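Read-outs: derived from the displayed coordinates by stated rules, not from any lab. Remember, predicted model here, so these are calculated numbers, not experimental data. Positions of Cβ are generated from backbone atoms using ideal geometry, with glycine treated the same way; all protein chains shown enter the neighbour counts.
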């Protein structure tokens, strides 16, 4: 993940471009020095690489010796020639490719010189050139920059790491830099007492860490401990880059564990209170990724008691991206029961409700995902309903811009309905059943699966069954029993089965016996013919409920079917498997085992045959056609 950053000045003046005249003067002056004192090369600002803050390369004035000692020529012939060539290339920089041929040879000559002023000039030139021209480069380009990176001179280090950070924006360069051993000198520079050097070194490592192939190498290189230490830097540029690098290292389980071992968690948690938006964002996102792992959540629970309250506070941040990541971090934490309760206890619901009502899709998505996890805990069902979540959740069922939001919304409603008749009633009264009926045939399959599961839960309520049937819910559930999705088929059938148990009026079932799409009869036949014992179980259980209803019309339909009776007869005549489970109490029960499920199917089929035969004997009804 690339984390957005501002430049070292906090978004101040733009960096100055390379001034050929200034660099020319530097190159000319580098030819001479006194025996008592060396001149300092003039350095120009270099830009930050994409998404990273690099320390600006401030000008350093040339210092002339106060001694009267004569100047001595320092340059070798090839160095003098390289200086002249480079000056010429810089005059025509728009037409010059500095990464190959003679221009690169001139830069390389200065880079490998023993003259520190020439090295400074080469490093400065690389930094300024790569500010304007970032492309994939060869090892011949990177090797002199890496050589400069190993210099003991602070100004050479600073400019070389700026150049390397710029080139590290390119994906191929990221890999080549690491393969050529770039991590070791960068780690040394992170340990430098010079803040500017720290800033550029960390910024470069942050860019390198955006490539998946580099992450594990960086984690094993020894970089995590200095990165964690620099995340506490008083310099905001260093802090931004360090926290950005830590974030980039949180995308694999192995790297997350190494980060935790390096002591990153308390540092990241403390920095949630940073006044800097970027630091808040990086730390919140890093903690969100760290919280993916159950063991890390347990450590957070034990050692970071302020975490939930801090994240809830960040959902009110002026920054939308921080709000979003705070909600996502809480979502990941809410994978655990303790955090589900703690989020409600610390007053997180009002902020989540505000985000849920936002017009900004990422905020809606993050809040919906968080509320879904929080709603898993039974103790949170009523507080969520009482806080006013039902209306916005039901509205989000029609949020066709993003099916993930639709899934989170309907799954939350199902969770809220799970353990309370009062909650089921509140959900239906708020209009959820009508919205499911109106949308379920139009929404994506993933949303259909959640909607039909919710209908199955609502259908368990004896007080609501008749209301759901009167709404015409069967007319949309029956076609979905023939969905391409096995989950949608099963959930729809379970909902029908739950509605068929002990309802007051079975006329709605008679009305859909043959329509729509083969009707209730077609669904029962398909499921009884299925090789899936779960489907067989749901269908035969539902058939028994319909036969026990004593609804004359339904009994007539069933006894008259040329397709149902042979299927039920075949199932009832199967050998009875050994019993190892108790008989289930509803169509939504999971079978405890294959043998137990098969035994119950046989028992239910025998019950169905007895009811059919009793009805035939009593009514003298023969078999017709359906």
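Odds and ends about this structure:
- Amide N proximity, segment 239-262 versus residue 335 label position 7 Å along Cα-to-Cβ, cut-off under 13 Å: 251-254, 256-257
- Nearest-0.05 FRET efficiency for residue 188 and residue 253, computed from C-beta distance (R0 30 Å): 0.55
- Here each label is just a point 7 Å from Cα along the line to Cβ, and for residue 87 and residue 220 those points are 4.9 nm apart.
- When the Cα gyration tensor is reduced to axis lengths a ≥ b ≥ c, the ratio a/c is 1.5 or higher for segment 302-394, and with a/b not above b/c it is classed as oblate.
- The value of relative contact order for segment 389-524, using C-alpha pairs under 8 Å at least six residues apart, is 20 percent.
- Between residue 446 and residue 422, the simple label model (points 7 Å from Cα in the Cβ direction) yields a spacing of 3.5 nm.
- On the basis of the beta-carbon distance and an R0 of 60 Å, residue 462 and residue 212 show a calculated FRET efficiency of 0.65.
- Cα centroid separation - segment 370-424 against segment 117-186, whole Å: 53 Å
- Label-to-label distance, nm, for residues given as residue 360 and residue 195 (7 Å Cα→Cβ offset): 3.0 nm
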